[in-house]
1. Report the Cα centroid-to-centroid distance between the stretch 85-153 and the stretch 203-226 in angstrom, as an integer.
2. Please give the contour-minus-distance gain from ILE6 to SER74: 0.36 nm per residue of separation, less the Cα-Cα distance, rounded to one decimal in nm.
3. Cα axis of helix 75-89 to longest principal axis of the chain: angle in degrees, 0 to 90, nearest 10?
4. With all pairs of different alpha carbon atoms counted, what Kirkwood hydrodynamic radius in Å does the stretch 185-261 show?
5. For LYS15, which lysines qualify as cross-link partners when the Cα separation must be under 24 Å and same-chain residues fewer than eight apart are set aside?
6. Quick check for me: using +1 on Lys/Arg Cβ and -1 on Asp/Glu Cβ, what's the dipole size of the stretch 1-152 about its Cα centre, in debye to the nearest 20?
7. Report P(r) for the chain: all Cα-Cα distances, bin width 10 Å, range 0 to the bin holding the largest distance, values in whole percent.
8. Work out the charge dipole of the stretch 6-254 with +1 on the Cβ of Lys and Arg and -1 on the Cβ of Asp and Glu about the Cα centre, then indicate which of SER130, ALA22, THR106 is farthest towards its positive end.
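What follows draws every value from the coordinates through simple rules; no lab data is involved. Note that the structure is a prediction, hence the values are computed from the model and not measured. FYI the Cβ positions are ideal-geometry reconstructions off the backbone, even for glycines, and counts take in every protein chain you see.
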Amino acid sequence: MNQYSISDVLSLKGKVAVVTGAASGIGLGTARRLAEAGAAVALLDIKGPEGEAAAKEIRDAGGKAEFFLCDVSSAEACRTAVAGVVERFGRIDILFNNAGIMRRRTILELEEDEWDRVISVTLKGVYLMSKYVVPVMRAQGGGCIINTGSGWGLKGGPRAAAYCAAKGGVVLLTRAMAIDFGKDNIRVNCVCPGDVDTPMLRDEARQLGVDEAEFLASSADRPIKRLGTPLDIADAVLYLASDMSRWVSGAVLLVDGGGMA
């Protein structure tokens, strides 16, 4: 007889999850999914009204959720948000480091402040949030961290130099953290989405000055002939957050419809 039932290993009942970049896109889809699985969810974002509305939506659907305003590129903001989550919910079992921004520029086109902002939000934000959450997890006996990488963190992409650099950093930071904190019963993994239909993807068309419909159609040109959805990524995060992946750490899970096959 199996030691763990399916309902047990996929349930997040009694757990507390923190999701950054939670006001829209992958973050919002994942916050909803983790709440459906039973977790109390702390939604972090710089978009206050959107974040508040997302938390209310989850509560209205019967879940537990609270919004915390947080710029993940700020150490003080991350420290304050983590303290607020612990004060509200008492613990943190799951951290989904998802916040990130894209600038479609080559290194010749990028301004220094654009480079700094992409790296600060997309890579430094993972470091800062983890820095303040790991001691909480360590004190309570463990937890899991999932970082959002990208297919472009595993291979290069055109006119996305800062983003590729940041996401490549996220992938190896994930592996380094898995080594450092495995002894504390903290698992650290990375999910690498392909093109997902989110506001950020649609904004790329605007940055590149191309037709949005044509851009989305070209982004869907992969073995599984469609764009990803936030739910596609949310289900991968649920796997990595749940006890179904209890012996998985330092892994990089590519979820891209076969785009890199």
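1. So the separation of the two Cα centres works out to 26 Å.
2. 20.5 nm
3. Approximately 40 degrees, to the nearest ten.
4. Details: mean 1/r = 0.0727 Å⁻¹.
Result for the stretch 185-261 stands at 13.8 Å.
5. Answer for LYS15, where 24 Å is the Cα cut-off: LYS56, LYS64, LYS131, LYS183, listed by chain and number.
6. 500
7. 7, 32, 38, 19, 4, 0, 0
8. Result: SER130.
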